[in-house]
Amino acid sequence: MGNLLTINGGKPLEGRVTVRGAKNLVPKAMVASLLGSKPSVLRNVPEIRDVEIVTGLLSVHGVKVTKDPETGDLSLDPAATKSATSSEIDAHAGDSRIPILFCGPLMHSIGEAFIPDLGGCKIGDRPIDFHLTVLRSFGAVVEKRPGGIHISAPKGLTGAKLELPYPSVGATEQVLLTAVKAEGITELKGAAVEPEIHDLIHILQKMGAIITVQTDRTIRIEGVDQLTGFNHRAIPDRNESASWASAALVTQGDIYVEGAIQRDLTAFLNTYRKIGGEFEVDDDGIRFWHGGGRLKPLVLETNVHPGFMTDWQQPLVVALTQAEGVSIVHETVYENRFGFTDALVRMGASIQLHRECLGSVPCRFGQRNFLHSAVISGPTELHGADFDIPDLRGGFSHLIAALAAQGTSRATGIEIINRGYEKFMDKLTGLGADVELSSLGR
Ligand code: EPZ
């Protein structure tokens, strides 16, 4: 049943929210349990759709997933791992990209894997060519099948010398989850080094893996015959933390984000201060608030870690619509991540999109037909409008714009938000938002 969210804007968001385990780590940690000869325990697990999807996928592959009703901690027992039919996998894969990461662990445990055609947020073409290239380098055989691909390792998996053309998070995780039990040494150059990658490495090391990260984005993995289970507390979700920080700025509010960690938000905090946002760090979290003055425009370029993360871009663009002057945002990670600005322009924002690389460094998308730079002129008053949630971060940005706008907005497709934001409605009402969720009755 679809839902409709009615939002009456104009009220600052004030109060406290708690952020738990990272959406971009927890599902991968759950997949890593497939590699163990013993059960694993994952703590700080958020109640989000992506966790439900991976629980379903692990269950059809015979993994016993038990959730502690009190804490939400997961126990993952791979003792009875088995292959699953493509229809079983399809039934659970939903709109997630996680199934691609089952390849390595399933090949190690049952010699094959079926990967359905992938979903994920519509923010670019999102090919899997890097994944298939590295899997073939380990000796995997990739076969196109109706509705997906079948992968097997008839001669086993052997370590390899690899280099990624771009520091892809997913492809780096693919290498980690495959190389840890492959025969011999794997060296990966051009690797992603996001905090979620480091947390996955810590989990694999707890299981018995041998992984070295060098300063030049080279990761070296010595394959081992056996891994045991892990007991791990997932790192908090820095993307959710940055989203609530932007919400405080856009609604001229004041939000304490329990669980936010300065170490994983350095680039975000610098930008937040430059715009005119205030923050205060303590041992349990970070308080974010609007400094009261006029927000300042800036030139912003997204990049891989430790740069300004692409998932922080959309909520922060809403704040830039309220800055005094012209801001420029150059999106260099995804070629099509400005679709969400259409609704903002209908709400009164002044945003123009460009194909040129309007930043200091030309990116992969320059001189090609991608509207991947935005020029934002402000401040302009925002007013209510109706919109459909396009993707996770775009959807969050629409909601905070509606909360700052004069008048009423109505949002459909709200279910997407549950994919990455835990207890979203409770948090909004807890912060004083004037919102109402009703069923569309279909
Ligand atoms: C992860 O996606 C995150 N998702 C994304 O967060 C995040 O934006 C992204 O990393 C970058 O940090 C999860 O962890 C579930 P990539 P992933 O492989 O792994 C290109 C959110 O909102 N590429 O690093 O899919 C790709 O098209 C989501 O939380 C290839 O060309 O991202 C993109 O342009 C959105 N071929 C770039 O690399 C490949 O085989 C980065 O993608 C793989 C990637």
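In table form, for the structure just shown:
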{"quantity": "All positions within segment 189-211 that are away from the ligand (no atom under 11 Å from the Cβ) and assigned to a helix (DSSP H, G or I)", "calculated": "HIS198, ASP199, ILE201, HIS202, ILE203, LEU204, GLN205, LYS206, MET207"}
{"quantity": "Residue check, VAL60 more than 14 Å from the ligand (Cβ to nearest atom), within 21 Å of LYS206 (Cα to Cα) and among the β-branched types (Val, Ile, Thr)", "calculated": "no"}
{"quantity": "Test for VAL142: is it without any contact (Cβ under 8 Å) to a residue 40 or more places away in the chain and either touching a Leu at 6+ places or on another chain (Cβ under 8 Å) or not in a helix (DSSP H, G or I) (or both)", "calculated": "yes"}
{"quantity": "Which numbered condition LEU177 misses (of (1) modelled with pLDDT of 95 or more; (2) surrounded by fewer than 18 Cβ atoms within 10 Å (Cβ to Cβ); (3) away from the ligand (no atom under 12 Å from the Cβ); (4) closer than 24 Å to ASP90 by Cα)", "calculated": "(2)"}
{"quantity": "Selected residue [among the aromatic types (Phe, Trp, Tyr), more than 9 Å from the ligand (Cβ to nearest atom) and not in a strand (DSSP E or B)] from PHE102, PHE114", "calculated": "PHE102"}
{"quantity": "Pairs, first closer than 21 Å to PRO105 by Cβ in segment 63-75, second surrounded by 16 or more Cβ atoms within 10 Å (Cβ to Cβ) and of a type in the set (Ser, Thr, Tyr), C-beta under 7 Å, six or more apart", "calculated": "VAL63/SER33; VAL63/THR81; VAL65/THR55; THR66/SER75"}
{"quantity": "Residue match in segment 375-397 (condition: in contact with a Lys or Arg (Cβ under 8 Å, 6 or more places away or on another chain), acidic (Asp, Glu) and modelled with pLDDT of 95 or more)", "calculated": "yes"}
{"quantity": "Neighbours by Cβ (under 9 Å, 6+ apart or cross-chain): first from segment 161-181, closer than 19 Å to GLY119 by Cα and without any contact (Cβ under 8 Å) to a residue 40 or more places away in the chain; second in a helix (DSSP H, G or I) and within 9 Å of the ligand (Cβ to nearest atom)", "calculated": "SER168/PHE130; SER168/HIS131; SER168/GLN174"}
{"quantity": "Residue selected from segment 265-319 under the condition within 30 Å of LEU164 (Cβ to Cβ) and in contact with a Pro (Cβ under 8 Å, 6 or more places away or on another chain), by the criterion farthest from the ligand (Cβ to nearest atom)", "calculated": "THR266"}
{"quantity": "Some residue of segment 384-391 being of a type in the set (Phe, Trp, Tyr), touching a residue at least 60 places away in the same chain (Cβ under 8 Å) and surrounded by 17 or more Cβ atoms within 10 Å (Cβ to Cβ)", "calculated": "no"}
{"quantity": "Total residues in segment 340-394, condition within 16 Å of the ligand (Cβ to nearest atom), within 24 Å of GLU240 (Cα to Cα) and assigned to a loop (DSSP other than H, G, I, E, B)", "calculated": "5"}
{"quantity": "Complete set of residues in segment 123-143 that are touching a Phe, Trp or Tyr at 6+ places or on another chain (Cβ under 6 Å) and modelled with pLDDT of 95 or more", "calculated": "none"}
{"quantity": "Flag if PHE130 is near the ligand (Cβ under 9 Å from one of its atoms) and touching a residue at least 12 places away in the same chain (Cβ under 8 Å)", "calculated": "yes"}
{"quantity": "Single match in SER37, SER75 (criterion: farther than 30 Å from TRP289 by Cβ and outside any loop (DSSP other than H, G, I, E, B))", "calculated": "SER75"}
{"quantity": "Residue match in segment 148-160 (condition: touching a Pro at 6+ places or on another chain (Cβ under 8 Å), assigned to a loop (DSSP other than H, G, I, E, B), among the small types (Gly, Ala, Ser) and more than 9 Å from the ligand (Cβ to nearest atom))", "calculated": "no"}
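Rundown of residues vs (1) out of contact with any strand residue (DSSP E or B) (no Cβ under 7 Å at 6 or more places or on another chain); (2) under 30 Å from LYS155 (Cβ atoms); (3) within 16 Å of the ligand (Cβ to nearest atom), yes/no style:
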| site | (1), (2), (3) |
| --- | --- |
| THR218 | no, yes, no |
| GLU222 | no, yes, no |
| GLY229 | no, yes, no |
| ASP237 | no, no, yes |
| SER243 | yes, no, yes |
| SER246 | yes, no, yes |
| GLN262 | no, no, no |
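Residues are listed down the side, and each one gets a yes or a no for (1) in a loop (DSSP other than H, G, I, E, B); (2) surrounded by fewer than 20 Cβ atoms within 10 Å (Cβ to Cβ):
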| site | (1), (2) |
| --- | --- |
| SER83 | yes, yes |
| GLU88 | no, yes |
| LYS122 | yes, yes |
| ALA171 | no, no |
| LYS181 | yes, no |
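The values are calculated or read from the model by the stated rules, or taken from the named source; none is laboratory data. Computed from a predicted structure; not experimentally measured. So basically every Cβ, Gly included, is an ideal-geometry build from the backbone, and we count neighbours across all protein chains shown.
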